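S.K.: Have a look at this one before I ask anything.
The values are calculated or read from the model by the stated rules, or taken from the named source; none is laboratory data. None of the values given here were measured: they were computed from a predicted structure. Because the Cβ atoms are built from the backbone with ideal geometry, glycine has one as well, and the counts that use them run over all protein chains shown.
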Amino acid sequence: MVSKNGLGSLAVVLLAVVVFAAAGIGLFVYYPTTLTDLFGILFALGAVLVGLKIGGNVAGSLFPGYNVAEVAVDGPITRDGGGGPLPSSPGSTPADDIVEQIDRADDDENVDALLLKLNTPGGEVVPSDDIRLAAERFDGPTVAYTTDVCASGGYWIASGCDELWAREGSIVGSIGVIGSRVNASDLAEKAGLSYERFAAGEYKDAGTPLKELEEKEREYLQGVIDDYYETFVKRVSEGREMDAEFIRDTEARIYLGESAHDLGLVDELGTRRDIEAELETRLEADAIDIEEFEPERPLMARVGAGAQQVAYAFGAGLTGFAENREFRLRT
């Protein structure tokens, strides 16, 4: 059975072909010139092909066939994908782009459900929460699924979806927060460097790598980690309707998909095909058509992204050394 959108698309394509064919024949057959006497038929056929292409694009815009949007979260989660003056990993996920894609899918009247692909080890806390909030406000069923890794910030995001699917061998969990600092005070001393403090506020330079960490600073930084952790536990507890104490008892462990399912950390185990069948049932549709939503970037931004990948391959070794991050916090 052909859908209404399918019939509309076919009509637009046929109309475009007829219009461009008529134009091609009129220009190159009935009103020939010296050159068109030789190439008129060829040009007429070319006009038909152009019409077919343009008609297909117009039909796709007027009568989109998709009813499910897919948005992918791949790699470490950061605010802007690690962008900045120094080269960054091209495999990281810019949270603002993901939020924009989910919101665009939510505004698209053809989209009835959201499929959120999560293959990420986690990343920055607030960007992860921004993606979770976007998934939570999507008006329709939201299904998160992972084939490889849905850990830490990835699981934070999944807590904003209606359900989470995984494979038997997927890595799931790591519900915890980590902060880290490099203690370079001994190295600085050997190099003849010393740390001289100019700061307003007792804890302003807590975590600075060129000096030993005082006990009260250690307690202060651990308190920040603990606050973030309690927020993480609360998000998962409320979003997935799980007991907060059970979440704490996992001690940020990771689990394979089958074990995660047995513990209730995953709702269903299955393949992508299984998920599509479930969506067909949920949407009461004869079939579903999934459209991958990607960031809307101008040409120069796409060129810049390619250049960034080259820069990363050339200078990745310098990035971690040169980054000015004294105390790093991530899920």
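S.K.: Starting from the range 221-240, take each residue that is at negative phi and among the charged types (D, E, K, R) and list its partners that are at pLDDT 95 or above and part of a helix (DSSP H, G or I), counting only C-beta distances under 8 angstrom and pairs at least six apart or across chains.
M.R.: Lys234/Ala244; Arg235/Asp129; Arg235/Arg132; Arg235/Trp156; Arg240/Ala158
S.K.: Of the residues Ser185, Ser174, Ser194, only one is small (Gly, Ala, Ser), surrounded by 12 or more Cβ atoms within 10 Å (Cβ to Cβ) and on the phi < 0 side of the Ramachandran plot; which?
M.R.: Working: Ser174 fails: on the phi < 0 side of the Ramachandran plot; Ser194 fails: surrounded by 12 or more Cβ atoms within 10 Å (Cβ to Cβ).
Every option except Ser185 fails the conditions.
S.K.: Just to verify a result, which residue in the range 156-171, among those that are among the charged types (D, E, K, R) and surrounded by 14 or more Cβ atoms within 10 Å (Cβ to Cβ), is nearest to Thr120 (Cα to Cα)?
M.R.: Out of the qualifying residues, it is Arg167.
S.K.: While we're here: In the range 106-142, how many residues are buried (at least 24 other Cβ atoms within 10 Å of the Cβ), hydrophobic (A, V, I, L, M, F, W, C) and touching a residue at least 40 places away in the same chain (Cβ under 8 Å)?
M.R.: The qualifying residues number 5.
S.K.: Cβ contacts < 7 Å: first residue without any contact (Cβ under 8 Å) to a residue 24 or more places away in the chain, restricted to the range 267-294; second residue assigned to a helix (DSSP H, G or I) and surrounded by 13 or more Cβ atoms within 10 Å (Cβ to Cβ), any location; separation 6+ or different chain. Result?
M.R.: Ala287/Glu280
S.K.: In the range 103-179, which strands (runs of 3 or more DSSP E) lie fully inside it and hold 1 or more residues that are basic (Lys, Arg) and under 13 Å from the mean Cα position of the chain (by Cα)? Please lay out each step first, then the result.
M.R.: Working: elements: 113-119, 142-146, 149-151, 163-166, 171-173.
Per the criteria, 113-119.
S.K.: Right, next: Quick one: would you say Leu221 is part of a helix (DSSP H, G or I), over 30 Å from Thr147 (Cβ atoms) and of a type in the set (A, V, I, L, M, F, W, C)?
M.R.: yes
S.K.: How many residues are in contact with a helix residue (DSSP H, G or I) (Cβ under 9 Å, 6 or more places away or on another chain) and within 22 Å of Thr271 (Cβ to Cβ) if we restrict to the range 136-160?
M.R.: From the range 136-160, those in contact with a helix residue (DSSP H, G or I) (Cβ under 9 Å, 6 or more places away or on another chain) are 136-147, 150, 152-160; that's our starting set.
Imposing the further condition that a residue be within 22 Å of Thr271 (Cβ to Cβ) reduces the set to 141-147, 150, 154-155, 157-158.
Residues meeting the conditions: 12.
S.K.: Please specify each residue of the range 206-218 satisfying the condition of being surrounded by 16 or more Cβ atoms within 10 Å (Cβ to Cβ), on the phi < 0 side of the Ramachandran plot and touching a residue at least 24 places away in the same chain (Cβ under 8 Å).
M.R.: Quick first cut of the range 206-218, residues surrounded by 16 or more Cβ atoms within 10 Å (Cβ to Cβ) only: 206-211, 213, 217.
Right, trim to on the phi < 0 side of the Ramachandran plot and you get 206, 208-211, 213, 217.
Residues satisfying the conditions are Ala206, Thr208, Pro209, Leu210, Lys211, Leu213.
S.K.: Another question, then. Would you kindly identify the helices (runs of 4 or more DSSP H) lying entirely within the range 255-331 that contain at least 3 residues that are more than 22 Å from the chain's Cα centre (by Cα) and at pLDDT 90 or above?
M.R.: Numbers: elements: 257-263, 272-283, 299-322.
Those helices (runs of 4 or more DSSP H) span 257-263, 272-283.
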